[in-house]
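Asker: Sharing a structure with you now.
Quick note: the coordinates plus some simple rules give every number you see, no bench work behind them. Predicted, not measured: the structure shown is a model, and the values here were computed from it. Quick reminder, even Gly has a Cβ in these numbers, built from the backbone with ideal geometry, and neighbours come from all protein chains shown.
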There are 2 protein chains.
Amino acid sequence: MSQQGEELDGRAREVLREIVMQHVATGEAISSRSLAKGGHFQLSPASLRNVMADLEDLGYLAQPHTSAGRVPTDRGYRFFINYLMKSRMLTQRERETIDEQVGHGTEIDHVLHEASRLLSRLADQVGVVFMPTLLQFAIRSMDFVLVAENKILCVIVGTNGVVVNKIIETRLNFTRDELEKIGRYITGEFFGLTLDHIRRRLVRMTEEERAMQDQMLQKTIALGIEAVNDVRTIDNDLYVEGAASILTKPEFSETMALRKTFLALQEKEKLIDLLNSCLTEDGLQILIGSDSDFTHVHNFSIVAKSYGSHNAPLGVVGIIGPMRMEYARMAPLVDYIGRALSRKIEEEEQQ
Amino acid sequence: MSQQGEELDGRAREVLREIVMQHVATGEAISSRSLAKGGHFQLSPASLRNVMADLEDLGYLAQPHTSAGRVPTDRGYRFFINYLMKSRMLTQRERETIDEQVGHGTEIDHVLHEASRLLSRLADQVGVVFMPTLLQFAIRSMDFVLVAENKILCVIVGTNGVVVNKIIETRLNFTRDELEKIGRYITGEFFGLTLDHIRRRLVRMTEEERAMQDQMLQKTIALGIEAVNDVRTIDNDLYVEGAASILTKPEFSETMALRKTFLALQEKEKLIDLLNSCLTEDGLQILIGSDSDFTHVHNFSIVAKSYGSHNAPLGVVGIIGPMRMEYARMAPLVDYIGRALSRKIEEEEQQ
DNA sequence: CCTTGGCACTCGTTTGGTGAGAGTGCCAGG
DNA sequence: CCTGGCACTCTCACCAAACGAGTGCCAAGG
């Protein structure tokens, strides 16, 4: 398998490359004749047919039906991406647009949302940005604001700059001063810990004797636990933008396929699982057709990249589109946006 | 025009009613024969044809082509809704679901978002909830939290329970104590005023002499203005949910119509304009086809209702769907959800 | 040994035509 | 005013034929 890159001789590689590129450009099955007319080869259609027949035997090409041209298979695309593709650099303009857009906002959630829109627009595909729950990340501060009798707004700021608000309803009565103090205490005590840690610490504290006597401490702990609880339920941690761009893709012209595709995009859980699995890997990931259940069933491809600070990946950004897409353009695009987000987050952290 | 309800005799009305109902149920053009077979009339197809021809002359019906059955026109639907429709009450179960869902959350934004989902699900149409900017509404409190050096989270709570957060970047340095004080001051000074008022007051204050000398007051005013500025840019004040349900509607089976429709839903500005125009009216509003540019071009109908507290409408909730929809069911549904939201908001206010 | 032109074969797509079916409009008679 | 009858129109489904695109294979030529 590791020799796969060697399996094809130079000419076969060129032919495969050309077929993929033409097919991506036109969307149609490629015939030996159109390939010969392209001018890249000094060969007759008949010779090309022989090469193409070989490529088909090896599983890189397929025919929709006898007497149609050939289209790349999953395997063909995969080979193309690994060994044949020449990435098309982003234009100066594109890079500027991205830097500007990503650099612009201050609230991370907002920046992420904008990023998915931007991605969708530049790629003309569905843009996805995923941010896993804050639970695994460290906090910088935690504050409480009295909003109404028995209603308290809790503001948690992560070291990565993510801001989460949540309204807590409680039977306990707090004055503004108390809340102020509690905020200071928790921030001081738990700075740099993850919510998960904090939660466990707080629970342990409830069991300690000392706490049972100090009324104020009791209230603090109660409020703290409330605040940390269910942060995961904060929704909108998956942004899917530009679903309408699917409509412009001819491969989804049959209404049924389209309907299925849309419903698939609605099933956010599955999408989240999939993106989560992209989270650990460091570089750019490309999932094609049969690579995963999700893409297999719906004939999608996914180009995704983790973003985050240094060694800690925070989330995943990527695009979803038909298998036939311009990988040579999409790959650098997603890569660049991922990097831009990482830079942004690292900047945030340093403040 | 006010006599329109009288323009048709009893039989014609019955026929129109029956045609609309059958067409809504089946989606097909209704022929004289199928109408006769329905059993509601003791007439032969030929007689019904005469009645139908009259209705067509008056503009209530139309034929897609010669020798097809007849379909209601905009005007036909409008007449049906105004004079012929018998609203179908909501079931006990539906009412319970709504009450529960709407009563559940605490943050208004969240409640509204849920409402649009709920609406989309119950109606099997696109659900829309619109909340205009806070600018016109009174505030209950305003608080500031130091998030990082030079970054301040501003929390504004409206008397209607809406909570808005916004991060402000500023060159000025504030301590936590100062922020606490400023919050108290502004809340005390401006309680019950609209953001618009507050803004003008603050600007006027900058010009007063007294302010020029008091350093602290200067900082307060600067921060206050920052906070009030651009509240309108907070997005997500329009929730559009369940766009995929359009895919299930046969009238949008041609891919082109579908594409257009989706793009239309993306154009949030136009949609906002339209919904804004529904805001002033008190009761339930139904816009059909040619009633507005938006619905005209895309062959939509909109069923909408204002919600809010007592005399002050806060926003609009409604559904968007094809002209052919079950108005008899949609109308009470939208109405009920609108009322539920209003109740919720009034409750919020009293706290 | 590779390349190439030729040729038969396969399929999908388009075209034209035909017939059935559904529905209307109109008319004349009850 | 209602109704049955009849001619007319339009759509749709179906079928056959022609067409075109593309392949596979083979035999001849460098």
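Asker: Using only Cα atoms and rounding to the nearest 10 degrees, what angle (0 to 90) does helix B:45-57 make with the longest principal axis of chain B?
Answerer: Once rounded, the angle reads 40 degrees.
Asker: Can I ask one more? Once you've got the GNM for chain A with C-alpha springs shorter than 10 Å, pick whichever of A:PRO250, A:PRO322, A:PRO332 has the biggest mean-square fluctuation.
Answerer: A:PRO250
Asker: Between A:GLU169 and A:ARG117, what is the label-point separation in nm under the 7 Å Cα-to-beta-carbon projection?
Answerer: 3.3 nm
Asker: Could you pull out the pairs from A:LYS260/A:LYS305; A:LYS305/B:LYS249; A:LYS249/A:LYS270 whose alpha carbons sit more than 29 Å apart here?
Answerer: Over 29 Å apart, Cα to Cα: A:LYS305/B:LYS249.
Asker: Follow-up question, since we're still on this one. If you take the Cα atoms of the protein assembly as shown, find Rg, then find the Kirkwood Rh from the mean of 1/r over all pairs, what is Rg/Rh?
Answerer: A ratio of 1.04.
Asker: Now, a different point. Mind listing the long-range amide H neighbours of B:ARG70? Cut-off is under 5 Å, sequence gap 5 or more, other chains count too, H placed in the peptide plane at 1.01 Å from N.
Answerer: B:ILE30, B:SER31
Asker: Using only Cα atoms, tell me the angle between helix A:176-190 and the longest principal axis of chain A; keep it within 0 to 90° and round to the nearest 10.
Answerer: 60 degrees
Asker: Turning to a different aspect of this structure: Over the range A:59-209, what portion of Cα pair distances is larger than 22 Å, expressed as a whole percent?
Answerer: That fraction is 64 percent.
Asker: For the range B:41-132, what does the equivalent ellipsoid look like in terms of its semi-axes, each the square root of 5 times an eigenvalue of the Cα gyration tensor, given largest first in whole Å?
Answerer: They are 42, 16, 11 Å, listed largest first.
Asker: For A:LYS166, go through the aspartates and glutamates and keep the ones whose alpha-carbon is under 13 Å away, minus same-chain ones fewer than eight residues off.
Answerer: Once the sequence-local aspartates and glutamates are set aside, what remains near A:LYS166 is A:ASP143, A:GLU226, A:ASP230, A:ASP235, B:GLU107, B:ASP109.
Asker: Still on this structure, please answer the following. In peptide B:237-250, how many Cβ atoms from other protein chains are near each Cβ within 10 Å, on average?
Answerer: Per residue, the average neighbour count from other chains is 2.
Asker: A further question on this structure: To the nearest whole number, what is the average tally of beta carbon atoms from other chains within 10 Å of the beta carbons of peptide A:141-154?
Answerer: Per residue, the average neighbour count from other chains is 5.
Asker: Still on this model: Could you work out the relative contact order of chain A? I mean the mean sequence separation of Cα pairs under 8 Å and 6+ apart, divided by the number of residues, in percent.
Answerer: Relative contact order for chain A comes out at 18 percent.
Asker: Using Cβ counts within 10 Å as a stand-in for footprinting exposure, how do A:GLU254, B:GLU348 rank, fewest first?
Answerer: A:GLU254, B:GLU348
Asker: Taking neighbour Cβ counts within 10 Å as the exposure measure, how do B:SER120, A:SER245 sort from fewest upward?
Answerer: Listed from fewest to most nearby Cβ atoms, that is A:SER245, B:SER120.
Asker: Okay, moving on. Which distance in nm do the two modelled labels at A:ARG204 and A:ARG259 give, with both placed 7 Å along the Cα-to-Cβ direction?
Answerer: Distance between the two pseudo-spin positions: 5.6 nm.
Asker: GluC sites (Glu not before Pro) within the range B:107-160: which are DSSP loop residues with at most 12 other Cβ atoms inside 10 Å?
Answerer: Listed in order of number, the matching sites are B:GLU149.
Asker: Hey, any idea what Rg/Rh is for chain A, computing Rh the Kirkwood way over Cα pairs? Each step should come with its number before you reach the end.
Answerer: Numbers: Rg = 26.1 Å, Rh = 23.2 Å.
Taking Rg over the Kirkwood Rh, I get 1.12.
Asker: Would you work out the charge dipole size for chain A about its Cα centre, treating the Cβ of every Lys and Arg as +1 and the Cβ of every Asp and Glu as -1, and quote it to the nearest 20 debye?
Answerer: Around 780 debye, computed over chain A.
Asker: Search the structure for amide H atoms under 5 Å from the amide H of B:GLN125, placed 1.01 Å from N in the peptide plane, and list their residues when 5 or more places away or on another chain.
Answerer: Here nothing satisfies the definition.
Asker: Rounded to the nearest 0.05, what FRET efficiency do A:GLN213 and B:ASP57 give with R0 = 60 Å and r taken as the Cβ-Cβ distance? Could you check?
Answerer: Here the calculated transfer efficiency is 0.10.
Asker: With n ≥ 4 as the cut-off for DSSP H runs, can you work out [θ] at 222 nm for chain B, using -39500 (n - 2.57) per run divided by the number of residues, rounded to the nearest 500?
Answerer: Mean residue ellipticity, 222 nm, calculated: -15500 deg cm²/dmol.
Asker: For chain B, take the longest principal axis of its alpha carbons; what is the angle in degrees between that and the long axis of helix B:215-228, to the nearest 10 within 0 to 90?
Answerer: 10 degrees
Asker: Same structure again: Using the beta-carbon distance between B:THR248 and B:LYS37 and R0 = 25 Å, what value does 1/(1 + (r/R0)^6) give for FRET efficiency, to the nearest 0.05?
Answerer: 0.35
Asker: Using the Cα atoms of the range B:251-333 to build a convex hull, what is its mean projected area in square nanometres?
Answerer: 5.5 nm²
Asker: Quick one: order A:ASP282, B:ASP143 by neighbouring beta-carbon count within 10 Å, fewest to most.
Answerer: Ordered by Cβ neighbours within 10 Å, fewest first: A:ASP282, B:ASP143.
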